[in-house]
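Here the structure is laid out as structure tokens; the discussion comes afterwards.
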Amino acid sequence: MKQHIEKIKEIIIKNLKWIILFICIIGFLLLAEDVFHKEIMNGDVIGYKFISTYLISDFATPIVKFITNFGGAICLIVIAIILFIVIKNKRIGIAIISNLGIITILNQLLKRILQRPRPEEFRIINESGYSFPSGHSMISMAFYGFLIYLIYKDVKNKYLKWILIIILGTLIISIGISRIYLGVHYTSDVLAGFLIAISYLIIYISIVTKFILERD
């Protein structure tokens with residue numbers, strides 16, 4: 001019996017990334033199904049109520065507006081270009097820029113398929129376009145998530161490595177929360193953006209690592 005359990009553990013560990021990918025895709029599809037049927041989910045109401053009750057304030061709003069810019073097109077393009085220039089290994093630079101381009105196209109494609117209108121009631125800023133999945137959340141998760149992967153793989157100093165990973169991880173979550181805070185996305189938009197981006201990242205990293213980053 002113990003031998004069988006160890007075997008199962010070994011299989012799970014070996015295929016963990018594909019298990020995570022499968023779970024994330026299922027989660028995204030469940031959310032997308034509700035959106036397709038024009039439903040506002042309980043989680044959308046609960047998520048905004050929690051943020052509006054405990055986070056929204058005159059002090060926090062300018063900070064949130066600043067944070068959300070890190071998930072915007074201009075900021076991400078500038079960061080990608082700077083990294084391409086600074087990083088000596090141009091294969092990594094190309095992978096960073098390609099990642100940003102692909103995830104942006106994927107996000108726009110999903111938005112146009114599902115065509116969910118943005119929430120209207122509590123907007124702090126104006127935003128155009130469709131709501132599901134959140135572009136800021138999805139693209140930030142894919143872009144900064146890929147940087148986290150590169151940092152984990154290539155940065156030798158373990159203290160610097162984990163400081164950078166924690167900073168970027170916190171930034172990703174903060175950008176997602178900022179979209180709900182500012183009233184331009186439902187909670188399910190943000191969650192769906194994160195889920196599909198994680199699924200995409202697993203595939204993208206697997207392909208890029210095999211054909212670009214480790215190519216002789």
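The shape of segment 153-210 comes out oblate: with a ≥ b ≥ c from the C-alpha gyration tensor, a/c is at least 1.5 while a/b does not beat b/c. Count neighbours as other Cβ atoms within 10 Å of each site's Cβ, and list the GluC sites (Glu not before Pro) in segment 116-216 that are DSSP loop with at most 10 such neighbours. Filter output for segment 116-216: GLU120, GLU121, GLU214. Largest GNM mean-square fluctuation among ILE81, ILE151, ILE12, using the chain with Cα springs under 10 Å: ILE12.
Across the options TYR186, LEU55, ILE175, the greatest Cα extent toward the positive end of the charge dipole of the chain (unit charges at beta carbon of Lys, Arg, Asp, Glu) belongs to ILE175. About its Cα centre, how strong a charge dipole does the chain have in debye, to the nearest 20, once Lys and Arg get +1 and Asp and Glu get -1 at the Cβ? Charge dipole of the chain: 840 debye, to the nearest 20.
A crude spin-label estimate for the pair LYS49 and ILE105, with each label 7 Å from Cα along the Cβ direction, gives 4.2 nm. Mean separation of Cα pairs under 8 Å and 6 or more residues apart, divided by the residue count, gives the chain a relative contact order of 31 percent. Ranking GLN115, ALA95, ILE105 by Cα position along the charge dipole of segment 57-138, where only Lys, Arg, Asp and Glu carry charges on their C-beta atoms, puts ALA95 farthest toward the positive end. Binning all Cα-Cα separations of the chain at 10 Å, short to long from zero, yields these whole-percent fractions: 8, 30, 33, 20, 7, 1.
Legend: helices of the chain (whole DSSP H runs) are marked when their alpha-carbon atoms reach 15 angstrom or more along the helix axis and their mean Kyte-Doolittle hydropathy is at least -1.0; marked are 2-14, 16-36, 42-54, 73-86, 90-114, 135-154, 158-181, 187-208. Loop-located chymotrypsin sites (Phe, Trp or Tyr not before Pro) across segment 42-105 with a Cβ neighbour count of 10 or fewer within 10 Å are PHE59, with loop assigned by DSSP. Counting other Cβ atoms within 10 Å of each Cβ, which trypsin sites (Lys or Arg not before Pro) in segment 104-191 have at most 11 and sit in a DSSP loop? Here the sparse-neighbourhood loop sites are LYS156. If the segment from MET41 to ILE26 were pulled out straight at 0.36 nm per residue, it would be longer than the present Cα-Cα gap by 3.7 nm. Our summary gives segment 107-151 a relative contact order of 42 percent, counting only alpha carbon pairs under 8 angstrom and 6 or more residues apart. Taking a ≥ b ≥ c as the square roots of the eigenvalues of the Cα gyration tensor of segment 115-216, is the shape rounded (a/c under 1.5), prolate (a/b larger than b/c) or oblate? Since a/c reaches 1.5 but b/c is at least a/b, the shape of segment 115-216 is classed as oblate. Across the cross-link table entries LYS14/LYS153; LYS17/LYS49; LYS14/LYS210; LYS17/LYS158, which are compared at the Cα atoms, the separations over 28 Å belong to LYS17/LYS49. FRET efficiency for the pair ARG91 and GLU33, taken as 1/(1 + (r/R0)^6) with r the Cβ-Cβ distance and R0 = 45 Å, rounds to 0.70.
Every number in this text was worked out from the coordinates using simple rules, so none of it is lab data. These numbers were taken from a predicted model, which means no experiment stands behind them. Note that we place each Cβ from the backbone using ideal geometry, even for glycine, and neighbour counts take in every protein chain shown.
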